[in-house]
Structures are given as structure tokens and as C-alpha cells.
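See below for the structure under consideration.
Derivation of every value follows stated rules applied to the coordinates shown; laboratory data play no part. This structure is a prediction, so every number in the text was calculated from the model and none was measured. Cβ coordinates were reconstructed from backbone atoms using ideal geometry, including for glycine residues, and neighbour counts include every protein chain displayed.
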Amino acid sequence: MKWRWLALSLFLLALQAEAQERRVYEGVVEVEKKTIGTVILLEITANSVSGWIRLDEFVPIEGVSATKDTAEFRAAGNQYLIEERKGKITYSGPDGAASRYITRLERLTGPLQELLEETRATGAAVAVMEVRGRRRELRYGRPALWKQNAAPFENFSRLEELLGKEISVWVADANERSGRMVVVEEPSGMDIPLKAPKKPKNEKKQEKSLQTRGQLKLPIGRGYQGKPTAKHKLPWLLFWSPVRLARGLLWGKIHELGAKYPKKQGCGPHPAYANRTGKPLLEPVSGILAKAEVAKSKAPSGAEAPVFFGFLRHG
């Protein structure tokens, strides 16, 4: 009797899974006579079939009919037919008529464990997931986010918000160890906004006070990836640019006064300070000393050359 109930429950679960099937396709279509990459999201239930296709943006599809390896629908005035066995999507309408490449993606489910930086070997950032007890390293850029109760997001770049959660992703070029993440499903119970929520004012003030005390380390660039962005470079540029300019003007004035009123032999510009013609930027020391002697003989008695910071004085 127990075996009968177990077989019946497994059969009902299989029917439910089949009735709530999801599919994702990646391919190529034309929009306004331009060839673009597209992603097609299909959700098949017992009573209806719905979904989205990414053209310039995600638009809903209508009049969907689906079988085991085909799907036909309308979107943005065009008629589309997907044939998985041929690996083709055929379309006709205002955007033209053609037959292009398409492929069905593989769905992987598991906890998102880690996000790794881009390296020369991978060529892209990597998301580490555990799928059926195996480690999968999935390359990603800005995958689409398949929302539960709203239009999908074309680009989702905040995967760190999903760390440690059980998620489902759709992967191209999948094998036993790696793949390329194309679509991320929004986890059940979450409503991810398009933009990251702003921090409360009290929390911002607390962070600012900790930063002034040196107790809080500022994040670099994109946080976990350690790449500095213009947002973090700007304060340093605003501070150091005037400082460097003032330092350059100060040292230029010091060299000028040192050349004009040398204290002893050896003062004046270093030979390395020369222009592209190989000539010194300032007059040689011997010429400066000779002019200084002439100026001293003509100066009234008791006159003294100007002093700059007390250490450059006419000898």
C-alpha cells in the first residue's frame, strides 16, 4: 500500500513539474534591420503560456503555443517560430523575414557561494555555485534578471545581493565544471528593485563618523572586486591637484632665486634640468657669479640682496 502512495505522489510531482515548465532561449534576430542578440523567456503552465523576448528591451509575447521542442508566438508585430531540433528561429513581420540561430539554455539550481574577480585565464568575472554537490564556475557579465511578478531586467549587476541564497540560473556553453551565465531567476520571496536601495541617513552619518576616526575602511571600486572607480578617485584628484601645482610653483621659484642670488660656487640649476636642445634651462653658474659680482660693485654701500626663507642670500 505504501508503494502505491509513493508512486502516485511521484507521478503527481512529475505532472506538476511538467505543467510549470520554464524555458530560456538565446539567439539572433533583427530589429529595424539591425542584427542583435536576443533572449526569450517562456513560462508554460497547464492553462497558459506566457513570456518575454528581448529586442531593444524586454517586450511581452502573445499568442504562444508550445510543444516539446517547438514554440510559436507574436511580439512587437512580428511572428516567431522556434524549432529546437534545427537550432533555428524563423520570423517575419515589420523587422524583416529570416531564419537565424537559436539554442535552448540549461537551468542550474544551487547556492551562490562566491564571486571571483576577472583574470586573464577566465576573461570575465566568475560566480561559484554548488549544483548537485559539484562546484560550478560560471562566467558572467551583466545577466538578465527574470522577475517573478514584473518585467525582466535587461542587465543585473548586483549578484552580491544573492550570495548565500539558493538561486536558479540559465547557462550557455555548459559543461560539468563551467558555463556562461545568461539569465538569473529572482529567488522566491524576494522583490529586487532595479536600483540598489539608498542607505538611511542615520547609517550614512555613522559611516562618515567612523571614516573620520579611521575605524572604517572605504570600499574600493565595485566592493568585492577591488577595482577603483571615478567615484573614489575624484576626492583624491580634487585634493592632490592643487597641492602638486603649488609644490611645482614653489620649487620653480626656489630654483629661480637660487640662480639669481647664489650663495657659493655650486649653486644654481643642475645640468640635468635642460631643455630638449641640450642647453641648460637657466644660465650657467660661472655666468651668474660674474653678473653677481658686477651687480655688487654697482650697488650702494650697505645694500643687501633679498632673502628668501632665510637661506638664500647674496654672499
- Query: Once you list every other residue whose beta carbon is under 14 Å from the beta carbon of Thr109, what net charge do they have if Lys and Arg are +1 and Asp and Glu are -1?
  - Reply: +1
- Task: Provide the gained length on full extension for the span Thr122 to Arg85, in nm with one decimal, where the gain is 0.36 nm per separating residue minus the Cα-Cα distance.
- Result: 10.2 nm
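Would you mind ranking Lys165, Lys198, Lys147 so that the residue whose beta carbon has the fewest other beta carbons within 10 Å leads the list? Walk me through the numbers on the way to the answer.
Values: Lys165 11, Lys198 8, Lys147 19.
Sorted ascending by nearby Cβ count, the order is Lys198, Lys165, Lys147.
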- Note on the structure: Each label sits 7 Å from Cα toward the beta-carbon; between Arg142 and Glu256 the label points are separated, in nm, by 4.9
- Per the charge dipole of the range 106-185 (beta-carbon charges, Lys/Arg positive, Asp/Glu negative, Cα centre), the residue among Val184, Asn149, Val171 reaching farthest to the positive end is Val171
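Please compute the net charge surrounding Gln148, taking Lys and Arg as +1 and Asp and Glu as -1 over other residues with Cβ under 11 Å from its Cβ. All intermediate terms of the calculation are to be shown ahead of the outcome.
Details: positive: Lys147; negative: Glu43, Glu185, Glu186, Asp191.
Result for the local shell: -3.
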- Would you list, by chain and number, the aspartates and glutamates whose Cα falls below 20 Å from the Cα of Lys68, excluding same-chain residues fewer than 8 positions away? Glu18, Glu21, Glu26, Glu43, Glu83, Glu84, Glu106
- Work out the FRET efficiency for Glu161 and Ala246 from their Cβ-Cβ distance, taking R0 = 45 Å, and round it to the nearest 0.05. 0.55
- Highest first, please rank the peptides 185-193, 72-80 by the mean number of other Cβ atoms sitting within 10 Å of their residues. 72-80, 185-193
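All other residues with a Cβ under 14 Å from the Cβ of Thr90 taken together, and with Lys, Arg as +1 and Asp, Glu as -1, what is their net charge?
Working: positive: Arg74, Arg85, Lys86, Lys88, Arg100; negative: Glu30, Glu72, Glu83, Glu84, Asp95.
Overall, the nearby charge balance is 0.
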- Cβ-based exposure ranking for Tyr101, Tyr91, in which fewest neighbours within 10 Å come first: Tyr101, Tyr91
